[in-house]
Amino acid sequence: MSSTISSGGPPIVEVAELTRAFGTRRALAGVTFSLGRGECLALFGPNGAGKTTLLRVLAGLLRPSSGSARVSGIQLPGGALARSRVGLISHRTMLYEALSPRENVSFAARLYGVRDVNARVEDSLRRMSMLERGDAPVRSLSRGMQQRVSIARAMVHTPQLVLADEPYSGLDDGGARALTSLLGELRSAGTAIIVVTHNLAEGLSLATHAAVMQRGRFVRYDPADRIDATAYSTTYREALAGA
Amino acid sequence: MKISWLPTIAGAAVIATVIRAAFFTPLEAKQGAAQKIFYLHVPAAWVAFLAFFLVAVSSGVYLWLRDSRLDRFAESSAEVGVVFTTVVLITGPLWAKPIWGTYWAWWDVRLVSTLFLWFIYVSYMVLRGAIESPPLRARYSAVLGILGAFLIPFIHLSVYLFATMHPMPIVGKPSKPSLPNEMLLTLMLSLASFTLLYFAFLRARYRYAVERDAVAAAIDHDA
Amino acid sequence: MPDVLFAAWVIARKDLAIEFRTRSAFFSAVIFALLGLVIFYFAWDPTAVTVNDLAPGVLWVIFTFSGLLGLHRSFGVETEDHAIDGLLASPVSRESIFLGKAIANLIFVAAVQLIAIPALVVFYNLPLGNVAIPLIAIAFLAAVGLVAVGTLFSAMAVNTRLAELLLPMLSLPFFVPIVIAASQSTAKLLSGRPIVEAAAWIKLLIAFDIIFVAACTVAYPFTVDD
């Protein structure tokens, strides 16, 4: 599905020859791409390819070793300002299990300096259909519901860039639909999205761009109107085999 | 086998010093033969603190430059330092018992500070052993190395205040001896030879660390 | 600066909310302190040692070990679901994270002491009289130092293999000046000496607090930024 919205304006993500080493091992070995408003990059690749590392660098959790990366025009490491523009979703929920969904999302809202905390929290929980169990401790919720809360938490401050590392993991059908719809809404509103997923169909349904990563670099990178799902499938399988 | 100059000279210096101290340095009037442990105890203490000072400095520079060679240096200096510190803690009571009538002198501020130095060294090594990731291990050890350096003056001050406020019955505590030239010379020689020994051990330990890390990196790469 | 403190307070409130919800660490620390008071009493011969001699040491040793129980859980909550990543990816400064956790720990330790100190007075029949205020001041200074060092080492220990062992091992050498200064000054106060005699110890505590709060706040970002 190709992108039908205009993605004008300065790019939200600009990455050039980005590398990140851990000792002698290069988890990112020269990544280059950019992503504009309303664009969504679906990132595929075998485990250990560097997808999570790339997201963690963009989220401000890791420093680049060399090369350059910009988020919303801010050079990384960009400190608090860069981090405030980003929302991070992971397969780890990053929640406090003793607290309720409402408390978890409110806490995040306060950390990000959100103005209208209560209203934004309610809105975020509603979009992920978590209002009903909003006051039960997260510990008592199912994995799928916890993941929904985690997503609500990541969006409460209306980030310009959403980094989603296997966001569909643990979600049931209802949750997956809610997530896809939410990501679609965000894209229309101009948010840039990077989705890491093993599910080709889900990833490509939202994507305006797609890439396959292997051993720290992009081995394939295409804008949406040139994505051929079958060809992608093949490259992905090759990458998995060759990893 | 290639003969390395540093350990050879250091070893020879220490042996020469020990011989001089045992046979060619006069006995101290009040303390007798037991006083000769002094020539092991004091230089060992000097090295123990020198080694930790270098751990703290290289830790600080590591946090600034993030060069793993500095981390290896700190690690090596710590392991060598703890050995010398142990020597101080063993020779201390050996010296104290015949002379002061007590194994452990809580009012001896330097000795107690050395005991805490030993605790910090040991916790430094246990910390390193408990972390698998090299960059995390280096960062954490560096923080501990620097904070440990801040702690030592506080320990020193606490024990000093404690000792001055609680005069304890001491059997024959000697006042600070003024050393005649013969003894002073032996002391200087022992300080110098122990320092050489420290650098010899340090270099050997550092080389071991380099090889160990190279092997680990090779295994990592192949994996 | 106010931003840093405001963010720290948001984080502290969150930690306290979690602790209040479960309360397990708090109860453990309180029971531990009370049991400790009892055990120490029976460990001494009451005819050979008076309570005024025994109490200061007992109080501050128990303070240290019950404090460790609370400190351990401080960063434990962040590892559960990698919640620490949520904190680190947010715009709050690393110093705020440290200060927020330290403030929560300080309140935790203070709450335990609010029960332990009166218990000490009751169990040991201590004539507190007008030394109550200076004693509270000493307790506060000791708690600040304990919490500064303990929070930092808790952050580090939680990422290692031997977390429960490492936290006491790293922290206790640093707690020693605090325990010595607090015990000695408390002993002086309890035996009716004028406060000026405890002045040197109190100055030591203040210096320790200033240096280690600063050093640990500066050190914390180095332990997280990669």
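Quick note: the coordinates plus some simple rules give every number you see, no bench work behind them. Just so we're clear, the structure is a prediction, and the values are computed from it rather than from any experiment. FYI the Cβ positions are ideal-geometry reconstructions off the backbone, even for glycines, and counts take in every protein chain you see.
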> Which of the peptides C:106-113, B:89-96, A:172-179, C:182-189 is most tightly packed, and how do the rest follow, going by the mean number of other Cβ atoms within 10 Å of each residue?
Replying inline: C:182-189, C:106-113, B:89-96, A:172-179
> At a Förster radius of 45 Å, what calculated FRET efficiency corresponds to the Cβ-Cβ distance of A:Asp116 and A:Ala21, to the nearest 0.05?
Replying inline: 0.60
> Averaged over peptide C:150-159, how many Cβ atoms belonging to another chain are found within 10 Å of each residue's Cβ?
Replying inline: 3
>> I need the peptides A:93-99, A:11-17 ranked by packing, meaning the mean over residues of other C-beta atoms within 10 angstrom, with the highest value on top.
In response: A:93-99, A:11-17
> Among C:Lys101, B:Lys36, C:Lys203, which comes first, then next, by fewest other beta-carbon atoms within 10 Å?
Replying inline: C:Lys203, B:Lys36, C:Lys101
>> If you take each beta carbon of peptide B:138-150 and count the beta carbons of other chains within 10 angstrom, what is the mean?
In response: 5
>> I'd like to verify something in chain C: which complete DSSP H helices, judged by Cα projection on the helix axis, reach 27 Å or more and average at least 1.6 on the Kyte-Doolittle scale?
In response: C:24-43, C:94-123, C:132-157, C:199-224
>> On a straight-distance basis, which aspartates and glutamates could pair with C:Lys188 in a cross-link, Cα separation under 18 angstrom, same-chain partners fewer than 8 positions away excluded?
In response: C:Asp53, C:Glu197
>> Let me check against my output: what whole-number percent is the relative contact order of chain A, with C-alpha pairs under 8 Å and at least 6 apart?
In response: 29
>> For peptide B:120-126, what's the mean number of Cβ atoms from other chains within 10 Å of each residue's Cβ?
In response: 3
> Roughly how many Å is it from the Cα centre of the stretch C:64-85 to that of the stretch C:19-36, as a whole number?
Replying inline: 14
>> Sequence gap of 8 or more, or different chains, plus Cα separation below 26 Å: how many lysine pairs satisfy both in chain B?
In response: 8
>> If I take every Cα pair under 8 Å that is 6 or more residues apart in the stretch A:103-243, average their sequence separation and divide by the length, what percent do I get for the relative contact order?
In response: 18
>> Regarding chain B, what's the average projected area of the Cα-atom convex hull, expressed in nm²?
In response: 14.9
> Given a cut-off of 32 Å, what percent of all Cα-Cα pairs of chain C lie beyond it?
Replying inline: 20
> Using bins 10 angstrom wide from zero, how does P(r) for the protein assembly as shown break down, in % of all Cα pairs?
Replying inline: 3, 13, 20, 20, 17, 13, 8, 4, 2, 0
> At A:Arg126 and C:Leu35, where each label point lies 7 Å from the Cα along Cα→Cβ, what is the point-to-point distance in nanometres?
Replying inline: 5.1
> Can you give the alpha-carbon Rg of the stretch B:48-124 over 2.2 N^0.38 Å, where N counts its residues?
Replying inline: 1.31
>> Compute the distance from the alpha-carbon center of the stretch A:7-82 to that of the stretch A:143-201, in whole Å.
In response: 19
> Over the stretch C:1-138, what relative contact order in percent results from Cα pairs under 8 Å that are six or more residues apart?
Replying inline: 45
> With each pseudo-label sitting 7 Å past Cα toward Cβ, what's the C:Leu5-B:His166 distance in nm, one decimal?
Replying inline: 3.9
> Once amide H atoms are built 1.01 Å from N in the peptide plane, which residues 5 or more positions from A:Met213, or in another chain, come under 5 Å H to H?
Replying inline: A:Phe44, A:Gly45, A:Val219
